1. Take the Cα coordinates of region 24-95, assign each an equal point scatterer, and use the Debye formula without solvent to give log10 I(q)/I(0) at q = 0.13, 0.14, 0.21, 0.27 Å⁻¹.
2. Would you mind putting 84-93, 53-62 in packing order, based on average other-beta-carbon counts within 10 Å, highest first?
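Where a number appears in this text, it was derived from the coordinates with a stated rule and is not lab data. All values reported here derive from a predicted model rather than from experimental measurement. Reconstructed Cβ throughout: ideal geometry from the backbone, glycine too, with neighbour counts over all protein chains shown.
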Amino acid sequence: MLTHLNNHDDPEHPLSIFTIQTFLIFHSSSSKKKAIFKKLLTYALYIQTGLIAQALLQYLCATFPKTVWECFGSWMRTICDDISPSEQVTSTALRYSLPEFLKDSSDDSNFKKFMKQKIDVNRSDGIKLAS
């Protein structure tokens, strides 16, 4: 039945499976198609959000290395002011500096108000952030 869609002799070939799955999707009911495309859109948005977050970490560690090292708050054998920190070090520095950022009331921006509303004080992380 689906042999006309298969360009390869091997039925286990990834392109063959993709072609068969695509054929089955487009011949499914309308509600099933909507659910599949909604899930694919969700995956795409999740991946794009992760890429944006990683790009921001790369930007921060390349542009503000001294500030990142100052906010790191932990010991690392390879700390060197001349070398940009890694994305993990930058992420840790952001995590450590968030409570101080939220406690500083000199600038009550919308972002601070939003973050303060979202902190769950019942979790141990929320208690640390709220203090």
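1. Cα-only, vacuum Debye calculation for region 24-95: -0.52, -0.55, -0.84, -1.10.
2. Descending packing order for the listed peptides: 84-93, 53-62.
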